[in-house]
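This report concerns only the one structure given below.
The values are calculated or read from the model by the stated rules, or taken from the named source; none is laboratory data. All values reported here derive from a predicted model rather than from experimental measurement. Quick reminder, even Gly has a Cβ in these numbers, built from the backbone with ideal geometry, and neighbours come from all protein chains shown.
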Amino acid sequence: MMREDQNKIIELLIEEGRRRLSRPRQQCPFETGIPEAERLLNDLENFPHLFVCACVMDRQIKAGRAWAIPYLIGKEIGGFEFHKFAEIKLSQFKEIFNRLKPHRFNERMAGYFYSAVQDIHTKYSDNASQIWADKPKSALVIRRFLEFGGVGIKIANMAANILARDFKVPMLDFSSIDIAPDVQVKKFFVERGLLRKEASNEELIYLAREIYPEYPGILDIMAWEMGRKIK
């Protein structure tokens with residue numbers, strides 16, 4: 001049974017999540033430190049592939065660094081339109097990644113980047129926004145992200161959450177969007193006594209489902225922002 005102060009924390013998480021969900025669409029901060037990269041990542045209508053490829057890159061490095069990678073690659077290949085990326089061979093991506101070193105694992109991530117571009121080409125007819133088109137079920141959006149090489153539960157839920165909360169992409173429901181088991185999110189829940197220190201990612205996911213089953217991921221944003229401030 002939760003204490004009164006813990007219930008208040010949960011209420012604040014839900015309240016902030018609802019506020020972010022209901023407010024008009026705004027510029028989403030990806031923390032790249034590059035104004036042009038921020039503009040392109042926020043232009044979901046014209047450059048959805050940049051958002052998708054950035055999601056694929058977001059692992060084991062700081063988020064802002066990962067989100068900047070499609071922009072850095074686009075600069076190297078002479079443009080940000082999808083056909084520019086589709087023209088690049090795997091060997092060329094590997095050369096660019098190994099030269100620029102935008103990631104910790106450049107050889108591997110070059111492969112994932114190439115694979116993501118090829119999937120967008122073959123599965124979605126060069127239009128990454130088909131992943132979330134036609135007001136899909138949230139489970140379908142997450143499953144489609146999971147089909148990309150290198151993408152696991154954390155990234156897939158993060159992507160769906162950003163699309164729903166920040167980009168206001170219409171979905172039939174939000175019930176399959178789980179809280180992303182991020183280290184900062186977990187740190188917040190442990191610090192507040194809502195989760196045991198040794199808890200698995202699955203425990204965090206099921207705690208969020210228990211608290212707010214209609215949209216477990218709504219608890220994500222405030223917990224992540226507060227978790228970053230905990231030393």
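Name the single residue that is nearest to Pro181 (Cα to Cα) among those in the stretch 9-68 being of a type in the set (A, V, I, L, M) and either touching a strand residue (DSSP E or B) at 6+ places or on another chain (Cβ under 8 Å) or without any contact (Cβ under 8 Å) to a residue 40 or more places away in the chain (or both).
We begin by selecting, within the stretch 9-68, every residue of a type in the set (A, V, I, L, M); these are 9-10, 12-14, 21, 34, 37, 40-41, 44, 50, 52, 54, 56-57, 61, 63, 66, 68.
Remaining after also requiring either touching a strand residue (DSSP E or B) at 6+ places or on another chain (Cβ under 8 Å) or without any contact (Cβ under 8 Å) to a residue 40 or more places away in the chain (or both): 34, 37, 41, 50, 54, 63, 66, 68.
On the way: Ile34: 27, Ala37: 26, Leu41: 23, Leu50: 23, Ala54: 18, Ala63: 14, Ala66: 18, Ala68: 22 Å.
Ranking the candidates gives Ala63 first.
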Scanning the stretch 160-184 for residues that are at pLDDT 95 or above and not in a loop (DSSP other than H, G, I, E, B) gives Ala160, Asn161, Ile162, Leu163, Ala164, Arg165
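Regarding the stretch 202-214, can at least one residue be identified that is farther than 22 Å from Asp173 by Cβ and at pLDDT 90 or above? Give the steps one after another, and end with the answer.
Start the filter on the stretch 202-214 by keeping residues that are farther than 22 Å from Asp173 by Cβ, which leaves 203.
Okay, now just the ones that are also at pLDDT 90 or above, so 203.
Yes.
Table: residues versus (1) among the β-branched types (Val, Ile, Thr); (2) surrounded by fewer than 23 Cβ atoms within 10 Å (Cβ to Cβ); (3) within 25 Å of Val183 (Cβ to Cβ).
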| site | (1), (2), (3) |
| --- | --- |
| Ala116 | no, no, yes |
| Tyr124 | no, yes, no |
| Asp134 | no, yes, no |
| Ser138 | no, no, yes |
| Gly150 | no, yes, yes |
| Ile155 | yes, yes, yes |
| Ala160 | no, no, yes |
Restricting to the stretch 191-231, count the residues that are under 22 Å from Ser176 (Cα atoms), more than 20 Å from the chain's Cα centre (by Cα) and in a helix (DSSP H, G or I).
4
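Residue-by-condition table, conditions (1) farther than 30 Å from Ser200 by Cβ; (2) over 13 Å from the mean Cα position of the chain (by Cα); (3) not charged (D, E, K, R):
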position	(1), (2), (3)
Ile77	yes, yes, yes
Trp132	no, yes, yes
Ala156	no, no, yes
Asn161	no, no, yes
Arg165	no, no, no
Ile179	no, no, yes
Using the structure shown, decide if Val185 is crowded, with 22+ Cβ neighbours inside 10 Å, of a type in the set (Val, Ile, Thr) and under 20 Å from Lys62 (Cβ atoms).
yes
Any chance you could count how many residues in the stretch 145-155 are among the hydrophobic types (A, V, I, L, M, F, W, C) and either in contact (Cβ under 8 Å) with a residue 60 or more places away in the chain or in a loop (DSSP other than H, G, I, E, B) (or both)?
4
Would you check which residues across the stretch 1-40 are exposed (fewer than 11 other Cβ atoms within 10 Å of the Cβ) and among the hydroxyl-bearing types (Ser, Thr, Tyr) and list them?
Ser22
